[in-house]
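Down below is the structure, laid out as structure tokens.
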């Protein structure tokens, strides 16, 4: 058995009130329960400084963009940023894989035990077998013209098959995958329909209301998004503005009982949050504050999201839009702009909230007997994964 203690222990939901309790793990890193310090010899307990909590969950990350670190300047706005991502995606295969390996190692070292990874390629096909993390691979689909929907779906289906062929991880971590829409402005209603029907009940992720230009386009078909389509020679003649936000426009396209992970939500409104109450699956709201700040110098209305009662989790986006992939860095960014939000709440988003979002809360996210939640130490504002 292994025993750990610290001045503060967070169990994934709240602080552990009794300072005499010690965390107990077996030799396979399975949490067996809390033990009273009085029943142990002093040299049996590893006393650590700072805070102990379960492993972090990075619910939204683009690991395949790790080679673009530092290539795109800050505060370009999303539309310009998207263009620069397309321009900077190309790189030799060896450089891309090396950058992903470095990023995954840093992700683990800083506390991550699970990641929701966005994939447009098979770049992580073998690398996710080498990592010490649970991985849900969200295979992204794009295509704004309805007539090309079937054609646009073919390549993601191929990528999905490749990932699905990996039925087990050599160290027992969970590997999953699902085909998902990229964003409301890049997926037609017909393509939404194909995604919805591909694997009924699968977990869907979508970049949601990341910029005011997105809602402006759906409400009145004007603004930067329309200009972007012109630049990319995309004929959007067929599209008719709904007079509603993007969320209220596309959500009815999802008819199967998918759990939904809405990412960014920089411009989500109280009306949108209320609209989500009618959705027929579980909804998680993923915050990527450092990326939002990097791209648009904006953050979501987090208190409104908290008041909505929906599950909240954290992500880092990518090294194209962030300086690192450390979930604790996202906590620090929220604390900087919303100091009234308690650290206990933020830690619950980083742990149990992320576990729920990735449908892994039966094995990680909290210190409960039988789970293998990992262990993170936070000391002097630095996080480190212990197991």
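Give the dimensionless ratio obtained when the Cα radius of gyration of segment 14-156 is divided by 2.2 N^0.38 Å.
Dividing the Cα Rg of segment 14-156 by 2.2 N^0.38 Å gives 1.47.
Under 8 Å for C-alpha pairs, at least 6 residues apart: give me the relative contact order for segment 256-387, rounded to a whole percent.
So the answer I get is 18 percent.
Helix-derived [θ] at 222 nm for the chain: sum -39500 (n - 2.57) over DSSP H runs of at least 4, divide by residue count, nearest 500?
That comes out to -9000 deg cm²/dmol.
Per-residue counts of other Cβ atoms within 10 Å, averaged by peptide: what ranking do you get for 193-205, 88-100, highest first?
Output ranking for 193-205, 88-100: 193-205, 88-100.
How would you order 294-306, 27-39 from highest to lowest mean count of nearby Cβ atoms within 10 Å?
By packing density, highest mean first, the sequence is 294-306, 27-39.
Based solely on C-alpha atoms, express the radius of gyration and the Dmax of segment 80-130 in angstrom.
Every Cα atom of segment 80-130 included, Rg and Dmax give 12.4, 35 Å.
Just need the relative contact order of the chain here, percent rounded to a whole number, with Cα pairs under 8 Å and 6+ apart.
Worked out over the chain, it gives 24 percent.
Would you kindly calculate the translational diffusion coefficient of segment 227-297, applying Stokes-Einstein with the Kirkwood radius from alpha carbon pairs, for 37 °C and a viscosity of 0.692 mPa s, and quote it in µm² s⁻¹ without decimals?
227
Return the distance in nm (one decimal) between the two label points of a simple spin-label model at residue 130 and residue 220, each offset 7 Å from Cα along Cα→Cβ.
5.1
Which value in nm describes the separation of the simple spin-label points at residue 2 and residue 381, placed 7 Å from the Cα toward the beta carbon?
2.9
Starting from the coordinates of the alpha-carbon atoms of segment 77-214, obtain the Kirkwood hydrodynamic radius over all distinct pairs and give the value in Å to one decimal.
Hydrodynamic radius (Kirkwood, Cα pairs) of segment 77-214 is 16.2 Å.
Compute the convex hull volume of the Cα atoms of segment 282-375, divide it by the residue count, and report the result per residue in Å³ as a whole number.
Enclosed volume per residue, from the Cα hull, is 105 Å³.
Fewest to most neighbouring Cβ within 10 Å: what's the order for 371, 2?
Ascending number of Cβ neighbours within 10 Å: 2, 371.
Taking the inverse of the average 1/r across all pairs of different Cα atoms in segment 305-354, what Kirkwood radius in Å do you get?
11.5
Just grab the label-to-label distance for residue 84 and residue 336, each label 7 Å out from Cα along the Cβ direction, in nm (one decimal).
Result: 1.7 nm between the two label points.
Pick from 75, 126, 134: which residue has the top mean-square fluctuation in a GNM of the chain where Cα pairs under 10 Å get a spring?
126
Only Cα pairs under 8 Å and at least 6 apart count here; give the relative contact order of segment 1-100 as a rounded whole percent.
With pairs under 8 Å counted, the relative contact order is 27 percent.
Where does the chain land on Rg/Rh, using Cα atoms and the Kirkwood Rh?
Taking Rh as the inverse mean 1/r over Cα pairs, Rg/Rh reads 0.98.
Throughout, read-outs are computed from the coordinates displayed, never taken from laboratory work. No experiment lies behind these values; they were computed from the predicted model shown. A quick note on method: Cβ atoms are made from the backbone with ideal geometry, for glycine too, and the neighbour counts reach across all protein chains shown.
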